[in-house]
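Okay, so here's the structure we're looking at.
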Amino acid sequence: MKLDSKIPQGPMAEKWSNYKANQKLVNPANKRKLDIIVVGTGLAGASAAASFGEMGFNVKNFTIQDSPRRAHSIAAQGGINAAKNYPNDGDSIHRLFYDTVKGGDYRAREANVHRLAEVSNDIIDQCVAQGVPFAREYGGLLDNRSFGGAQVSRTFYAKGQTGQQLLIGAYQALMRQVNAGTVDLYTRTEIVDIVMVDGKARGVIARDLVTGEFQRHFGHAVVLATGGYGNAFFLSTNAMGSNGSAAIKAYQKGAAFANPCFAQIHPTCIPVHGEFQSKLTLMSESLRNDGRIWVPKKKEDAEAIRAGKLKPTQIAEENRDYYLERRYPAFGNLVPRDVASRAAKERCDAGFGVGATGLAVYLDFKSAIERLGEDAIRARYGNLFQMYEKIVDDNPYETPMMIYPAIHYTMGGIWVDYELQTTVPGLFAAGEANFSDHGANRLGASALMQGLADGYFVLPYTIQNYLADDISTPRMTGDEKEFVDAENEAKAKFEKLLAIKGNRSVDSIHKELGLVMWDFVGMARKKEGLEQAIEKIAAIKKEFYSNVRIPGSGEGMNVELEKASRLADFIEIGDLMARDALHREESCGGHFREEYQTEEGEAQRQDDKFTYAGCWEYQGEDKAPVMHKEELTFEVVKVAQRNYK
Amino acid sequence: MENNISLTLKVWRQNGPKEKGRFETYKLEKVSTDSSFLEMMDILNEQLINDGNEPVAFDHDCREGICGMCSLYINGRPHGPDDDVTTCQLHMRKFKDGETITIEPWRSAGFPVIKDLIVNRNAFDTIIAAGGYTSVSTGGVPDANAIPIPKVDADEAMDAASCIGCGACVATCKNGSAMLFVSAKVSHLALLPQGKVEAARRAKNMVAKMDELGFGNCTNTGACEVECPKGVSISNIARLNREFLKAKLQD
Ligand SMILES: Cc1cc2nc3c(=O)[nH]c(=O)nc-3n(C[C@H](O)[C@H](O)[C@H](O)COP(=O)(O)OP(=O)(O)OC[C@H]3O[C@@H](n4cnc5c(N)ncnc54)[C@H](O)[C@@H]3O)c2cc1C
Ligand code: SF4
Ligand code: FES
């Protein structure tokens, strides 16, 4: 496998301009002859599909939900970054670039990140033109706030519903193209395989989730924008349908899967409260702007709270340990997510945790309410507070919130080069599905930025560079042997699942996988644990293929069958994550190996050995994958120990 | 405080769009009042699967009240007995031990049943495609701060834009009208200078599409506003009517 990152020549700040100046383009008449398949309608997929349609390509766009507007991007709360420097607080493209590389613990490709920072401002302009109602100041100009890992205010937001508003903007642009006839939309349709012809991605096999029928679709190029795979953990902040299946299919067709172990644990989620729990709810990171995180200073207070004998409001100020402010005075409550998550775990493991389970810390708005008044806090976070109250049945204006870390985002994903092309020619990956810009840890408010950058401003250029050589490739009908074979293979997989007729529900096995992932491949990992995880996951795989029970048939809608086919792929992802985590003998970003920490318990990178992206190549069913390295070089950023003190 | 309750569920089962549906009755024991309504449905489905039966199909995704995918008519109310929440945010503490809960799909000519509790809401996308956007393409737009927008307008636009497209307004309306949904989009865009340019044309095209798709007329009963989980106000309908009139006058 060859990993050619195709980084353009020239100084960092000129690479993207150079690329655009020299790339190949497709003229309007030829665009009409070219078909592009876009899988996914989240920020990355919808923005790409809409832009391709506007440019004149023929687009087929797929989503598993009933409407493009339901993609998981809708749930993002906090905001989106850009280097506008409207607040005049010293921000710049260079600083956003630098913060992102540093925040990612020096495991991202500089050139991609620089381009991301460059196009960030265009995104805000685009969204405003679409009618995204970002928050504004009384003077009528856009308001900004700050997010973890940054010392400037560069985050644009729309109440606590930024993802919703950005996605609706992209969705509306997409529906305009559907109306114009440039985009064919397939809702409740799942891509179950990628079709290869002569070594290139040339289409997909889809399954209509309403009828159960299989379909063959041709495209001169295929873009995967299918989101992240955090649901391998069963419990995560992701939507119930978020999955890694398309990524796994790509991997099995020869696309490298990079840094699978880089998963982000978000520090501020509502703690787990029962076995019936189906997902974890995020409390936006923006809350850390005004909320202060603490646990009791005295163990006996923590114990009394856990036993229900003491309330947090009864603990005097001097008996509270604002541990983030104590350990990281420069960034305080706004340290990056990985740092905040581990600090919470450290306090809880040491016996200072609160809540019935002891696996929770407080996020307190008392000082902010005293300082700004309850109305100001309500205006900023009203919907989040309401959400908390509905779930927990507790009033966060009066009692501090309880939070605990949870799996949230996957930095790892399909390896892509500078053009967002995978190692399979003609197969591109965008948004959370690719591995590109966040290294080992993503900063808050930069996933929305990346998804829209990929879809609006990167792929519309880079895909032309590929398609320019394809203008004389005629459309295929879908009746070619490669398509028929791929369909038969996909059908056989579904039939195999239905034929198992075992005794256990899909969810019960998924929960088992999730526990193994959380215990051994979660917030703190070590060699023995990871080795055990690999064995346990193999056992779960065996159990799944011999004992899963899927009622009903392959005809018509069958939700259990959908879940089973996704779980089959989560099992593969779980295995990959554990292998990658085992091989990476260092701590960096979201990947914390207990063996590699400083005396103060901070993550310790091993730059001499691991300054690379670990890219896994599939070797066949039940064979161990092979790892290749994309070495990372840093021309501009000075690699240093991250320091938020 | 957390409690366990027992429930009788009367659930609408329907195998496919063309099949006849019926209610089935199920018993559930020891449901934690801390669980959400959809987690209760998960428990029911786990029980059905373990007994060798087909689980109940229902729509859901984010389970945070934002994607608009969950639906359900619970004891005669869309999204159930709590106010300002979607079904996924409804918690079992709103129900009593021993209670019988009736669970049905949205019932409206515009939203045909696909299976059990799942309905087809594609009509909403078709209405948006008819004009629910600003006609700008990617690139070549002015700086985001080029046009100041009064904060009150931006905030009001945001309130209208918070519609999640769930369809509760249609489901609760005796006429099956989609006016609240349409007016939320027309208002959101008409309130902003970027969307104002096409406001009248947009209103006309979206309303025409809504009529064409078989949604009923609005007779101002206000039921939609009461059931909207996002508090979208019927004052948006007045704004829609104004834009619609403007379009008629321009014709
Ligand atoms: C609760 C929450 C809050 C967040 N808040 C923020 C924030 O404030 N700021 C920020 O920057 N980021 C935030 N994030 C992260 C961010 O929302 C996501 O990373 C981002 O939206 C992902 O966008 P996407 O387009 O890559 O994928 P998604 O939005 O996940 O879309 C995936 C699409 O792929 C489709 N799909 C998947 N598989 C298939 C298949 N096999 N066949 C067909 N279609 C398929 C789905 O239907 C969907 O349309 C948050 C995430 C969560 C969970
Ligand atoms: S207006 Fe309210 S009830 Fe109607 S679709 Fe939008 S959010 Fe749902
Ligand atoms: S599941 Fe998303 S709003 Fe209820």
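The values are calculated or read from the model by the stated rules, or taken from the named source; none is laboratory data. Everything quoted here is computed from the prediction, not taken from an experiment. Glycine also receives a Cβ, built like all others from the backbone with ideal geometry; neighbour counts cover every protein chain displayed. Keep in mind that these areas ignore ligands, DNA and RNA; they rest on the heavy atoms of the full protein, side chains included. Shrake-Rupley method; radii C 1.70, N 1.55, O 1.52, S 1.80 Å.
Using the alpha-carbon centroid of each, what span in Å lies between the range A:539-592 and the range B:1-33?
Taking the Cα centre of the range B:1-33 as reference, the centre of the range A:539-592 is 29 Å away.
Based on alpha-carbon centroids, what's the gap between the range A:395-437 and the range B:82-118 in Å, whole number please?
Between the Cα centres of the range A:395-437 and the range B:82-118 lies a distance of 32 Å.
Mean shadow of chain B, computed from the convex hull of its alpha carbons, in nm²? Numbers along the way, then the final one.
Values: hull surface 65.0 nm².
Here the figure is 16.2 nm², rounded to one decimal.
When the label point is put 7 Å from the Cα of B:LYS96 along its Cα-to-beta-carbon vector, which residues of the range B:67-81 have a backbone N closer than 18 Å?
B:75-77, B:81
Of B:PRO193, B:PRO150, B:PRO17, which is the most mobile in a GNM of chain B whose springs link Cα atoms less than 10 angstrom apart?
Result for chain B, Cα springs under 10 Å: B:PRO150 fluctuates most.
Would you mind checking the range A:338-378 for residues with the amide N under 19 Å from a putative spin-label position 7 Å along Cα→C-beta of A:GLU275?
So the set is A:356-358.
If the cut-off is a Cα-Cα distance under 20 Å, which lysines reach A:LYS24, setting aside same-chain residues fewer than 8 apart in sequence?
Excluding near neighbours in sequence, the set is A:LYS6, A:LYS15, A:LYS33, A:LYS200.
What pairs in A:LYS501/A:LYS541; A:LYS526/A:LYS609; A:LYS541/B:LYS115; A:LYS563/B:LYS115; A:LYS501/B:LYS18 have C-alpha atoms more than 23 Å from each other?
On the way: A:LYS501/A:LYS541 15 Å; A:LYS526/A:LYS609 18 Å; A:LYS541/B:LYS115 31 Å; A:LYS563/B:LYS115 17 Å; A:LYS501/B:LYS18 28 Å.
Cα-Cα > 23 Å for A:LYS541/B:LYS115; A:LYS501/B:LYS18; rest within.
Give the calculated FRET efficiency between B:ASP51 and B:PHE23 to the nearest 0.05, with a Förster radius of 25 Å applied to their Cβ-Cβ distance. It would help to have the intermediate numbers written out before the result.
Details: r = 18 Å, r/R0 = 0.73.
E between B:ASP51 and B:PHE23, to the nearest 0.05, is 0.85.
Helix A:527-547: angle to the longest alpha-carbon principal axis of chain A, degrees 0 to 90, nearest 10?
So the helix axis and the longest Cα principal axis differ by about 50 degrees.
Kirkwood Rh over Cα pairs of the range B:122-250 into Stokes-Einstein at 37 °C, 0.692 mPa s: D in µm²/s?
Details: Rh = 14.9 Å.
D = 220 µm²/s.
FRET efficiency for B:ALA109 and A:GLU599, Cβ-Cβ distance as r, R0 = 45 Å, nearest 0.05? Present the calculation step by step, with values, prior to reporting the outcome.
Working: r = 69 Å, r/R0 = 1.54.
Approximately 0.05, to the nearest 0.05.
What angle, in degrees between 0 and 90 and rounded to the nearest 10, separates the Cα long axis of helix A:43-55 from the longest principal axis of the Cα atoms of chain A?
Approximately 40 degrees, to the nearest 10.
Kirkwood hydrodynamic radius of the range A:481-606 from all distinct Cα pairs, in Å?
Working: mean 1/r = 0.0613 Å⁻¹.
The Cα-based Kirkwood calculation yields 16.3 Å.
Compute the length gained on full extension between B:VAL226 and B:ASP83: take 0.36 nm times their separation in residues and subtract their Cα-Cα distance, giving the result in nm to one decimal. Before the final figure, lay out each step's value.
Values: separation 143, 0.36 × 143 = 51.48 nm, distance 0.82 nm.
Going from the current span to full extension adds 50.7 nm.
Averaged over its residues, how many other protein chain Cβ atoms are within 10 Å of peptide A:164-175's Cβ atoms?
Working: counts 8, 5, 0, 2, 10, 3, 1, 5, 10, 6, 4, 9.
Counting Cβ atoms of other protein chains within 10 Å of each residue's Cβ and averaging gives 5.
Largest first and in whole Å, what are the equivalent-ellipsoid semi-axes of the protein assembly as shown based on the Cα gyration tensor, each being the root of 5 times an eigenvalue?
Numbers: eigenvalues 244, 230, 194 Å².
Equivalent-ellipsoid dimensions as semi-axes: 35, 34, 31 Å.
Scan around A:ASP321 for amide H atoms under 5 Å from its own, H built in the peptide plane at 1.01 Å from N, and keep only partners 5 or more places away or cross-chain.
Distant-sequence amide H within range of A:ASP321: A:VAL295, A:LYS297.
Show me, for the range A:509-526, the HN-Hα J-couplings you get by feeding each phi into the Karplus relation (A = 6.51, B = -1.76, C = 1.60, θ = phi - 60°), rounded to Hz, glycine and proline as x.
Per residue, the Karplus-derived 3J(HN,Hα) values read 6, 4, 4, 5, 4, x, 5, 4, 4, 5, 6, 10, 10, x, 5, 9, 10, 9 Hz.
Over chain A, what relative contact order in percent results from Cα pairs under 8 Å that are six or more residues apart?
Working: 1420 pairs, mean separation 133.2, N = 645.
Computed over chain A, the figure is 21 percent.
Where does the Debye-calculated log10 I(q)/I(0) of the range B:4-115 sit at q = 0.11 Å⁻¹, using only Cα point scatterers of equal weight, no solvent?
Log-scaled intensity ratios, in q order: -0.33.
Can you compute the FRET efficiency between A:ASP394 and B:LEU245 using 1/(1 + (r/R0)^6), with r the Cβ-Cβ distance and R0 = 35 Å? Round to the nearest 0.05.
Values: r = 48 Å, r/R0 = 1.37.
The formula returns an efficiency of 0.15 here.
Quick one: 3J(HN,Hα) in Hz for the range B:216-226, Karplus 6.51/-1.76/1.60 with θ = phi - 60°, rounded, Gly and Pro as x.
Along the range B:216-226, the couplings run x, 7, 8, 10, 6, 7, x, 4, 4, 4, 5 Hz.
Give the distance, in whole Å, between the Cα centre of the range A:17-35 and the Cα centre of the range B:204-229.
44
Label points 7 Å out from Cα along the Cβ direction at A:ASP349 and B:ASN75: separation in nm?
About 4.6 nm, to one decimal.
Enter the buried accessible area of the B/A pair, total of both sides, probe 1.4 Å, in Å² rounded to the nearest 100.
Numbers: alone 12870 and 24330 Å², together 31090 Å².
Interface area, both chains combined: 6100 Å², rounded to the nearest 100.
Tell me, what HN-Hα J-couplings in whole Hz come from the Karplus equation 6.51 cos²θ - 1.76 cosθ + 1.60 at θ = phi - 60° for each residue of the range A:193-203, using x for Gly and Pro?
Couplings: 6, 10, 9, 10, 10, 6, x, 10, 6, 10, x Hz.
Compute accessible area for the range A:177-201 by itself and then with all protein chains, 1.4 Å probe, and report residues whose area falls by 30 Å² or more.
A:ASN179, A:ARG188
Of A:PRO625, A:TYR157, A:ILE168, which is farthest along the charge dipole of the protein assembly as shown in the positive direction, counting Lys and Arg as +1 and Asp and Glu as -1 at C-beta?
A:ILE168
Counting only residues 5 or more places away or on other chains, whose amide H sits under 5 Å from the amide H of A:ILE471 once H atoms are built in the peptide plane?
Answer set, sorted by chain and number: none.
Cβ neighbours within 10 Å, averaged per peptide: list B:214-223, A:333-342 in order, most packed at the top. Show your work: numbers first, answer last.
Numbers: B:214-223: 15.7, A:333-342: 25.2.
The most tightly packed comes first, giving A:333-342, B:214-223.
Send over a whole-number figure in Å² for the accessible area per residue of the protein assembly as shown, probe 1.4 Å. Provide the component values of the computation, followed by the final result.
Numbers: 31090 Å² over 896 residues.
I get 35 Å² per residue for this part.
Rounded to the nearest percent, how much of the accessible area of the range B:4-115 (1.4 Å probe, protein heavy atoms only) is carbon and sulfur?
Values: 1880 of 4250 Å².
Roughly 44 percent, rounded to a whole number.
Determine the alpha carbon to alpha carbon distance for each of B:LYS20/B:LYS230; A:LYS511/A:LYS645; A:LYS297/A:LYS366; B:LYS204/B:LYS230 and list only those over 27 Å.
On the way: B:LYS20/B:LYS230 33 Å; A:LYS511/A:LYS645 38 Å; A:LYS297/A:LYS366 18 Å; B:LYS204/B:LYS230 25 Å.
Table pairs above 27 Å Cα-Cα are B:LYS20/B:LYS230; A:LYS511/A:LYS645.
Please list the non-local residues whose amide H lies under 5 Å from the amide H of A:CYS588, H modeled 1.01 Å from N, same-chain partners needing a gap of 5 or more.
Those lying under 5 Å, H to H, from A:CYS588 are A:ARG593.
How far, in degrees from 0 to 90, does helix B:179-190 lean away from the longest principal axis of the Cα atoms of chain B, to the nearest 10?
40
Give the average, rounded to an integer, of partner chain Cβ atoms located within 10 angstrom of each Cβ in A:70-77. Let's see the in-between values first.
On the way: counts 10, 3, 4, 1, 9, 7, 1, 2.
For this peptide, the per-residue mean of nearby foreign Cβ atoms is 5.
Compute and list, largest first, the equivalent-ellipsoid semi-axes of the range A:66-185 from the alpha carbon gyration tensor, each √(5λ) rounded to a whole angstrom. Can you show the working numbers first?
Values: eigenvalues 142, 67, 35 Å².
Its equivalent ellipsoid spans semi-axes of 27, 18, 13 Å.
What dipole magnitude, in Debye to the nearest 20, does chain A give about its Cα centre under +1 on Lys/Arg Cβ and -1 on Asp/Glu Cβ?
Working: 78 positive and 85 negative charges, 94 e Å.
Charge dipole, chain A, about its Cα centre: 460 debye, nearest 20.
Could you tell me the convex hull volume per residue, in Å³, taken over the Cα atoms of the range A:271-429?
Numbers: hull volume 27.0 nm³, N = 159.
Hull volume over Cα atoms, normalised by residue count, gives 170 Å³.
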